[in-house]
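Take a look at the structure set out below.
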Amino acid sequence: MSINTQATIPFEGQKPGTSGLRKKVKVFQQPGYLENFVQSVFDSIGDFQGKTLVVGGDGRFFNTEAIQIIINMAAANGFGRVLVGQDGILSTPAASCIIRKYSAFGGLILSASHNAAGPNEDFGIKYNIANGGPAPEKITDAIYSKTESISTYKTLTAPVHVDLSQQAVSQVTDMTVEVIDSVNDYAALMQSLFDFSAIRKLLASDFRMCFDAMHAVTGPYAKIILQDMLGASADSLINCTPLDDFGGGHPDPNLTYAKELVDILYGEHAPDFGAASDGDGDRNMILGKHFFVTPSDSLAILAANAETVPAYQGGIAGIARSMPTSGAADRVAEALGLDCYETPTGWKFFGNLMDANKVTLCGEESFGTGSNHVREKDGLWAVLFWLNILAVRNDSVENIVTEHWEKFGRNYYSRHDYEAVPSDAANQVMQHVRDQFTTLQGSMLAGRKVQTCDDFSYTDPIDQSVSSNQGVRILFEDGSRIIFRLSGTGTEGATIRLYLESFEADASKQTMDAQDALADLIVASESISKLQHFTGRNKPTVIT
């Protein structure tokens with residue numbers, strides 16, 4: 001079977017964002033578009049001849065077609081083996097698990113995460129390295145550079161179609177293709193971490209839960225782990241059949257897009273616990289009966305209760321959080337005598353810290369938490385961690401959270417997203433805030449004194465690499481923060497994310513609604529950004 005070296009020309013804009021390359025499906029369907037990017041990856045990652053590549057995705061529209069293209073290109077470029085999930089399905093944390101377990105050279109994960117799916121919606125691809133984590137910036141920069149100069153890509157002259165519906169081993173030229181069970185390896189890893197007997201006992205009691213897979217990739221994982229292995233009732237799992245358009249929904253587990261779950265948990269006969277995961281299975285939302293747990297609080301509570309979980313009973317090495325995430329985890333780390341690292345947004349920044357055994361638990365305010373068991377955030381892992389805590393402590397979600405606030409204080413926190421803003425307008429907002437750095441410093445704003453203003457920059461303590469322009473921060477002397485950041489996960493325009501935080505140590509003042517507690521900072525953020533003036537938006541698209 002001969003190799004076809006196909007002439008091509010570069011496509012503009014193939015720069016990987018926070019989590020790979022994301023564009024509309026129709027962009028990826030252009031002849032040569034996906035091929036150019038995949039070849040640019042292969043040309044940028046070193047010598048993989050005869051090595052193993054893991055391939056899978058979240059099941060969105062164009063997933064299986066893309067996998068066939070990648071398999072043929074992997075064979076033409078000299079990979080020795082491809083491991084691909086059955087039906088093309090691999091959650092992002094499961095892909096990381098498999099890369100690590102089978103010592104793969106790396107993996108290509110096909111997902112646009114929490115973005116909508118379908119013929120007119122989004123698609124994405126990213127490369128993960130041998131530790132199972134997203135490629136660091138030095139690799140993604142090299143990939144982008146290659147996309148700007150690429151002139152040929154390699155594939156097979158006579159393309160081979162691999163049946164992904166059945167677990168089997170086949171040959172494509174000299175390369176072995178193994179279609180593997182999408183769930184088993186990941187499920188075994190979860191069983192090795194958590195007290196499944198305690199969780200099984202909890203779910204066999206009068207405890208009631210609801211898990212929403214949002215018609216995305218975690219459905220099969222939830223059915224095997226929560227239902228088959230742990231005994232959750234079938235009716236406690238909703239929307240667990242993966243669909244290539246996610247049922248027309250937006251698989252982002254937050255209070256706006258996971259409305260069905262939120263309505264159940266805030267309903268008259270609400271269960272005790274609720275959770276949802278996103279398109280590719282790396283995010284999570286945690287709810288109690290009539291109670292929402294912010295992702296920032298969730299990370300802090302998992303850290304404070306780590307000893308309830310068998311895998312972490314020997315202690316954790318440290319904690320890391322993304323810069324926009326609240327300082328709640330910092331307070332737990334201080335109490336436990338641990339280091340807490342503040343990184344830019346993007347799970348790739350946690351990989352070096354975990355590989356160097358500096359941290360065990362990591363989290364982002366964007367509904368992502370995880371640990372060193374893989375090198376991705378992990379939605380079902382977080383759900384199982386909470387179930388383990390609930391089984392051991394025999395208390396409600398609300399009580400566990402409020403007792404945590406009483407002990408460590410409450411970081412009132414909220415994120416306001418302004419989605420699909422014209423890029424020029426979004427950049428004007430950011431520059432307008434930067435232009436006021438000099439006058440803001442030392443001034444009074446929202447009844448607080450501004451300590452400093454900056455554009456967050458991070459120097460990796462392991463490899464000394466520097467990441468600049470990671471978010472505009474207004475920091476107050478009392479620990480409050482206003483942060484503006486442009487997100488790199490959308491495919492249209494820009495998303496402006498506004499983060500607001502204020503600390504409250506007084507237990508008698510810890511039960512306010514976050515939007516009320518942060519009202520003065522919300523007003524202040526508008527006054528310094530002129531966001532409404534520049535964008536025409538008078539309210540956020542999403543508030544969390």
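The values are calculated or read from the model by the stated rules, or taken from the named source; none is laboratory data. If you're wondering where the values come from, they're calculated on a predicted model, not measured in any experiment. With ideal geometry, Cβ positions are generated from the backbone for all residues, glycine too; neighbour counts draw on all protein chains shown.
What the table shows:
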item: Residue count, segment 365-379 (criterion: touching a Leu at 6+ places or on another chain (Cβ under 8 Å) and crowded, with 24+ Cβ neighbours inside 10 Å); result: 4
item: Residue within segment 174-183 that is surrounded by 19 or more Cβ atoms within 10 Å (Cβ to Cβ), polar (S, T, N, Q) and modelled with pLDDT of 95 or more present; result: yes
item: Verdict on GLU403 being in contact (Cβ under 8 Å) with a residue 60 or more places away in the chain, outside the structural domain of ALA524 (by TED's automatic domain parsing) and within 28 Å of ASP297 (Cβ to Cβ); result: no
item: Test for ALA142: is it within 27 Å of TYR33 (Cβ to Cβ), small (Gly, Ala, Ser) and at pLDDT 95 or above; result: yes
item: Number of positions in segment 461-480 that are touching a residue at least 60 places away in the same chain (Cβ under 8 Å) and crowded, with 19+ Cβ neighbours inside 10 Å; result: 3
item: Which listed residue is on the phi > 0 side of the Ramachandran plot and assigned by TED's automatic domain parsing to the domain that holds ILE89, from THR152, THR157, THR173; result: THR173
item: Qualifying positions in segment 1-54 - closer than 22 Å to GLY346 by Cβ and of a type in the set (Val, Ile, Thr); result: THR18, VAL38, VAL41, ILE45, VAL54
item: Complete set of residues in segment 176-202 that are farther than 20 Å from LYS101 by Cα and among the hydrophobic types (A, V, I, L, M, F, W, C); result: PHE196, ALA198, ILE199, LEU202
item: Selection count where residues are farther than 14 Å from HIS215 by Cα, in contact with a strand residue (DSSP E or B) (Cβ under 8 Å, 6 or more places away or on another chain) and part of a helix (DSSP H, G or I), scope segment 228-285; result: 4
item: Helices (runs of 4 or more DSSP H) enclosed by segment 441-544 - at least 3 residues per element that are not hydrophobic (A, V, I, L, M, F, W, C); result: 519-529, 531-535
item: Identity of the residue in segment 394-403, within 22 Å of ASP516 (Cβ to Cβ) and under 25 Å from the mean Cα position of the chain (by Cα), that ends up surrounded by the most Cβ atoms within 10 Å (Cβ to Cβ); result: VAL397
item: Output for segment 495-515, where each listed residue is farther than 17 Å from THR325 by Cα and either out of contact with any Gly (no Cβ under 9 Å at 6 or more places or on another chain) or without any contact (Cβ under 8 Å) to a residue 12 or more places away in the chain (or both); result: ASP506, SER508, LYS509, THR511, MET512, ASP513
item: Of all residues making up segment 381-422, the number that are under 20 Å from ASN538 (Cβ atoms) and of a type outside the set (Phe, Trp, Tyr); result: 8
item: Some residue of segment 412-435 being of a type outside the set (Lys, Arg), outside any helix (DSSP H, G or I), more than 25 Å from the chain's Cα centre (by Cα) and surrounded by 14 or more Cβ atoms within 10 Å (Cβ to Cβ); result: no
item: Odd one out for LYS348, checked against (1) crowded, with 20+ Cβ neighbours inside 10 Å; (2) at pLDDT 95 or above; (3) within 19 Å of the chain's Cα centre (by Cα); result: (2)
item: Neighbours by Cβ (under 6 Å, 6+ apart or cross-chain): first from segment 516-542, of a type in the set (Phe, Trp, Tyr); second part of a helix (DSSP H, G or I); result: PHE534/ALA425; PHE534/GLN428; PHE534/VAL429
item: Odd one out for ALA514 among (1) small (Gly, Ala, Ser); (2) over 28 Å from the mean Cα position of the chain (by Cα); (3) farther than 30 Å from PHE123 by Cα; result: (2)
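So that you can scan it fast, the table gives a plain yes or no per residue for (1) surrounded by fewer than 18 Cβ atoms within 10 Å (Cβ to Cβ); (2) farther than 18 Å from ALA382 by Cα; (3) among the acidic types (Asp, Glu); (4) touching a helix residue (DSSP H, G or I) at 6+ places or on another chain (Cβ under 7 Å):
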{"position": "PHE211", "(1), (2), (3), (4)": "no, no, no, yes"}
{"position": "PHE246", "(1), (2), (3), (4)": "no, yes, no, no"}
{"position": "GLY249", "(1), (2), (3), (4)": "no, yes, no, no"}
{"position": "PRO253", "(1), (2), (3), (4)": "no, no, no, no"}
{"position": "TYR257", "(1), (2), (3), (4)": "no, yes, no, no"}
{"position": "GLY274", "(1), (2), (3), (4)": "no, no, no, yes"}
{"position": "SER277", "(1), (2), (3), (4)": "no, no, no, yes"}
{"position": "ASP297", "(1), (2), (3), (4)": "no, no, yes, yes"}
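Yes/no per residue for (1) touching a residue at least 40 places away in the same chain (Cβ under 8 Å); (2) in the same structural domain as GLU178 (by TED's automatic domain parsing); (3) of a type in the set (Gly, Ala, Ser); (4) assigned to a helix (DSSP H, G or I):
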site	(1), (2), (3), (4)
LEU21	yes, yes, no, no
PHE37	yes, yes, no, yes
ILE45	yes, yes, no, no
GLU65	no, yes, no, yes
ILE69	yes, yes, no, yes
GLN86	yes, yes, no, no
HIS114	yes, yes, no, no
GLY118	yes, yes, yes, no
